[in-house]
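Engineer: This is the structure I want to talk about, given as C-alpha cells.
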Amino acid sequence: MQLEGKVALVTGGSSGIGREIARAFLAAGARVAITGRREGELEGVANELGALPIAGDVRDRGHARRAVALAVEQFGRLTTLVNNAGVIGSGSTTDTDPEEWARLLDVNLMGTVHFARAAIPALRSAGEGASIVNLSSVAGSRPYAAVTAYCVSKAAVEMFTRCLALELAPQRVRVNAIAPGVVVTNLHLASNAVPDYPAFLERGKETHPLGFVGQPADVAALALFLASDEARWITGGVFPIDGGRALSSSR
C-alpha cells in the first residue's frame with residue numbers, strides 16, 4: 001500500500017500509536033505533520049521521522065485550526081486526518097468526579113471533533129482519496145465498569161465517526177475508526193488506570209483470544225490501509241484490532 005501524494009495530519013504524534021502511524025505513513029510516501037502537547041518530545045520525534053511538528057493541545061479549537069493551516073501552508077493541501085490523541089482514565093460512575101469526566105470527553109471526543117471540523121474544508125478541497133481515521137477502543141463498544149467515563153468517550157467517538165461518514169460521503173471524504181484492544185504504549189504505562197501493569201499484561205494472554213497484547217505498529221498497519229486508496233469503498237466503519245478481545249468473555 002502506498003500513500004504517494006497524500007498529506008496527513010496525525011494528532012498525538014509524539015509517542016505510541018501516533019508516532020508509529022506517522023512513521024508508517026512517511027515510509028509509504030506521504031508527507032506528515034504531527035501534533036502533541038510536549039513540544040520538546042514532539043520536535044525530537046519530528047526530527048527523527050522527517051515530519052512537521054505542530055505543538056498544542058487538542059482541546060484548543062484554535063490549535064486545531066492552526067495545525068490544519070500550517071499543514072496546508074507547508075505541503076499545499078491536506079488529504080488525511082488521523083485523530084489519535086487521547087487519554088485514559090479509570091473509575092466507576094460514582095468514583096469519577098465531574099472534572100475527570102470533562103477531561104476524558106474534552107480530549108477523546110471534543111479533540112476529535114475540533115480537528116475534524118478544522119480539517120473538513122481542506123479535505124473537501126482535496127477531492128476523492130481524502131479521509132479521516134479516528135482512534136477509538138475496544139472499550140467503545142464493550143462496557144467495563146471500572147473505566148466508565150473512558151468507555152463513554154470512546155463510544156461517542158464511534159458514533160461521531162458514523163455520523164460524519166454520512167455527512168462527508170457526498171464529497172467522497174471517507175471517515176472510519178479503529179478500535180484497538182490493549183496496546184503497550186508509554187501513555188498506557190503512565191496512565192495509572194491499571195494498578196499492577198505487569199500482571200495486567202500477563203492476563204492479556206487470556207483476555208485476548210490470540211494470546212498476546214498489541215503493539216503500536218499493529219495499529220499503524222490498519223491506519224495505513226484505511227488511509228490508502230485500497231480502502232476507497234470503505235467509510236463509516238469501526239474496525240477492531242484487538243486480538244479477539246471484543247469476542248472474549250474474560251474481563
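Engineer: Could you derive backbone 3J(HN,Hα) for the stretch 20-28 from the dihedral phi with the Karplus parameters 6.51, -1.76 and 1.60 (θ = phi - 60°), listing whole Hz in sequence and x where the residue is Gly or Pro?
Structural biologist: 5, 5, 4, 4, 5, 5, 5, 5, 8
Engineer: Sticking with this one: Among 46-58, 4-16, how do they line up from the highest to the lowest mean number of other beta-carbon atoms within 10 Å? Can you show the working numbers first?
Structural biologist: Working: 46-58: 18.5, 4-16: 24.1.
Per-residue Cβ counts within 10 Å, averaged per peptide and sorted highest first, yield 4-16, 46-58.
Engineer: Report, in whole Å, the centroid distance computed from the Cα atoms of the stretch 86-134 and the stretch 144-186.
Structural biologist: 8
Engineer: Rounded to the nearest 10 degrees, what's the angle between the helix 148-168 long axis and the longest principal axis of the chain, both from Cα atoms, 0 to 90?
Structural biologist: The answer is roughly 30 degrees.
Engineer: Mind ranking 140-151, 226-237, 81-92, 30-41 by how tightly packed they are, going by the mean number of other C-beta atoms within 10 angstrom, highest first? Don't skip to the end; give the middle numbers.
Structural biologist: Details: 140-151: 18.5, 226-237: 17.0, 81-92: 22.9, 30-41: 21.1.
Output ranking for 140-151, 226-237, 81-92, 30-41: 81-92, 30-41, 140-151, 226-237.
Engineer: Which value in deg cm²/dmol, rounded to the nearest 500, describes the helix-derived mean residue ellipticity at 222 nm for the chain, given -39,500 (n - 2.57) per DSSP H run of n ≥ 4 and division by the residue count?
Structural biologist: Values: 9 runs with 110 residues, N = 251.
My calculation for the chain gives -13500 deg cm²/dmol from helical runs alone.
Engineer: Helix 216-227 versus the longest principal axis of the chain: what is the Cα-based angle in degrees, 0 to 90, to the nearest 10?
Structural biologist: So the helix axis and the longest Cα principal axis differ by about 40 degrees.
Engineer: Another one. Ranking request for peptides 110-121, 205-216: highest mean number of other beta-carbon atoms within 10 Å first, then the rest in descending order. Kindly include the intermediate steps, with their values, before the conclusion.
Structural biologist: Numbers: 110-121: 21.2, 205-216: 16.4.
In descending order of packing, they fall as 110-121, 205-216.
Engineer: A further question on this structure: Going by alpha carbons, how many degrees (0 to 90, nearest 10) lie between the helix axis of 39-49 and the longest principal axis of the chain?
Structural biologist: It is inclined by approximately 70 degrees.
Every read-out reported here was derived from the displayed coordinates using simple, explicitly stated rules and does not represent laboratory data. Predicted, not measured: the structure shown is a model, and the values here were computed from it. Note that each Cβ is placed from the backbone with ideal geometry, even for glycine, and that neighbours are counted across all protein chains shown.
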